[in-house]
Amino acid sequence: MISRQPSLRVAVLRNYDTPAQWGKDMVESWRTSIQDIRPGSEIEVFHPITNGVFPNAEEFDLIILTGGVFNLILPDLDPWVEKTLDFVRHTVGLQSGPKIAGICWGHQAICRAMGGKIGWNHQGDVVGVQQLQCTEAGRKFFSLDKEGVKSGKLALHKFHKRSIATPSPDFTALAEDHEILLSLDNKIITFQGHPEMTNIVAKGILDADDGAYTGKATEEEVKEMYARFELPHDGLQVLQRVIKWLDE
């Protein structure tokens with residue numbers, strides 16, 4: 001008999017505010033992916049950026065901090081951002097609390113909450129599917145050393161201007177350049193890339209861009225951005241591994 005894996009209760013903290021369709025599609029990509037991997041799972045969405053409401057962490061198995069646009073390099077943070085960092089620290093301190101996953105802005109927010117520092121990308125804006133090189137710990141975590149698996153690399157959608165300059169000492173790197181981090185207590189995993197992102201969501205973001213990414217780009221560079229959305233990626237594989245990690 002095949003045992004049925006338990007369903008999950010997941011809280012998604014949506015850290016952006018947009019009326020554009022991609023904003024809804026991004027959340028739905030989380031809902032669809034998680035429910036496909038663990039049927040029956042419940043996903044509840046919170047909007048701290050607009051209403052300041054956070055979940056009761058102990059009621060959930062996983063807290064996800066989504067992407068966002070607030071500049072976490074700034075010394076002074078908006079009140080909702082301060083509250084988000086406080087929420088992260090509070091949740092980490094719970095003895096029987098949930099695990100936490102941070103994505104893009106969430107990756108950076110957790111880093112800052114735990115004592116790390118954020119900086120500007122040295123290579124400029126990063127848009128589209130990109131390869132990242134896993135560390136030895138990352139190759140083991142994602143089982144990338146198995147025969148037939150490409151050599152220590154993962155491909156993920158990316159959409160960011162800033163990145164982690166100095167990680168918290170409480171984390172180990174699963175990918176080079178602090179692209180994926182896992183806390184030493186195994187309660188937090190964070191990604192600079194977007195394992196949940198689809199090409200439709202990525203196109204929606206760029207279609208709605210106000211010049212933040214396309215303002216200084218040539219027509220050819222913008223075409224290249226759109227082309228990179230169509231490249232194959234390992235988002236589903238990564239999400240499957242994250243869900244498995246919840247039971248570890």
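The values are calculated or read from the model by the stated rules, or taken from the named source; none is laboratory data. This one's a predicted model, so the numbers in the text were calculated from it and none came from an experiment. FYI the Cβ positions are ideal-geometry reconstructions off the backbone, even for glycines, and counts take in every protein chain you see.
Yes/no per residue for (1) modelled with pLDDT of 95 or more; (2) outside any helix (DSSP H, G or I):
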residue: GLY106; (1), (2): yes, no
residue: ALA109; (1), (2): yes, no
residue: GLY115; (1), (2): yes, yes
residue: VAL129; (1), (2): yes, yes
residue: ASP145; (1), (2): no, yes
residue: VAL149; (1), (2): no, yes
residue: LEU156; (1), (2): yes, yes
residue: PHE159; (1), (2): yes, yes
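Please verify whether LEU246 is under 18 Å from the mean Cα position of the chain (by Cα) and surrounded by 16 or more Cβ atoms within 10 Å (Cβ to Cβ), treating the condition exactly as stated. Walk me through it before giving the result.
Working: under 18 Å from the mean Cα position of the chain (by Cα): yes; surrounded by 16 or more Cβ atoms within 10 Å (Cβ to Cβ): yes.
Answer is yes for this residue.
Taking region 195-224, which residues are of a type in the set (A, V, I, L, M) and surrounded by fewer than 20 Cβ atoms within 10 Å (Cβ to Cβ)? Walk me through it before giving the result.
Let us first name the residues in region 195-224 that are of a type in the set (A, V, I, L, M), namely 197, 200-202, 205-206, 208, 212, 217, 222.
ILE200, LEU206, ALA208, ALA212, ALA217, VAL222, listed by residue number.
Out of all the residues in region 214-240, which are more than 15 Å from ILE200 (Cβ to Cβ) and not in a helix (DSSP H, G or I)?
Residues satisfying the conditions are THR214, GLY215, LYS216, ALA217, THR218, PRO232, ASP234.
Can you give me the number of residues within region 17-44 that are in contact (Cβ under 8 Å) with a residue 60 or more places away in the chain and surrounded by 15 or more Cβ atoms within 10 Å (Cβ to Cβ)? Please lay out each step first, then the result.
Narrowing region 17-44 to residues in contact (Cβ under 8 Å) with a residue 60 or more places away in the chain: 18, 20-22, 25-26, 29-30, 33-34, 37-38.
After this cut, where a residue has to be surrounded by 15 or more Cβ atoms within 10 Å (Cβ to Cβ) as well, the list is 22, 25-26, 29-30, 33-34, 37-38.
Looking only at that region, the number is 9.
Table: residues versus (1) of a type in the set (S, T, N, Q); (2) crowded, with 24+ Cβ neighbours inside 10 Å; (3) closer than 13 Å to CYS104 by Cβ; (4) in contact with a strand residue (DSSP E or B) (Cβ under 6 Å, 6 or more places away or on another chain).
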position	(1), (2), (3), (4)
LEU154	no, yes, no, yes
HIS157	no, yes, yes, yes
SER168	yes, no, no, no
PHE171	no, no, no, yes
ASP177	no, no, no, no
GLY193	no, yes, yes, yes
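Looking at (1) in contact with an Asp or Glu (Cβ under 9 Å, 6 or more places away or on another chain); (2) over 22 Å from LEU236 (Cβ atoms); (3) among the aliphatic types (A, V, I, L, M); (4) surrounded by 19 or more Cβ atoms within 10 Å (Cβ to Cβ), which one does LEU72 not meet, given that it meets all the others?
(1)
Working only within region 70-101, note down all residues that are assigned to a loop (DSSP other than H, G, I, E, B) and touching a helix residue (DSSP H, G or I) at 6+ places or on another chain (Cβ under 7 Å).
Quick first cut of region 70-101, residues assigned to a loop (DSSP other than H, G, I, E, B) only: 70-78, 93-98.
Scanning region 70-101 gives PHE70, LEU72, LEU94, SER96, GLY97, PRO98.
So the check is Cβ under 9 Å with 6+ separation or different chains; which pairs have a first residue in region 235-248 that's under 13 Å from ILE180 (Cα atoms) and a second one that's of a type in the set (Lys, Arg) and at pLDDT 95 or above?
Matching pairs, first to second residue: VAL242/LYS99.
Just to check your reading of the model, which residue among ILE100, ILE110 is out of contact with any Gly (no Cβ under 7 Å at 6 or more places or on another chain) and buried (at least 19 other Cβ atoms within 10 Å of the Cβ)?
Numbers: ILE110 fails: out of contact with any Gly (no Cβ under 7 Å at 6 or more places or on another chain).
Unique residue meeting the criteria: ILE100.
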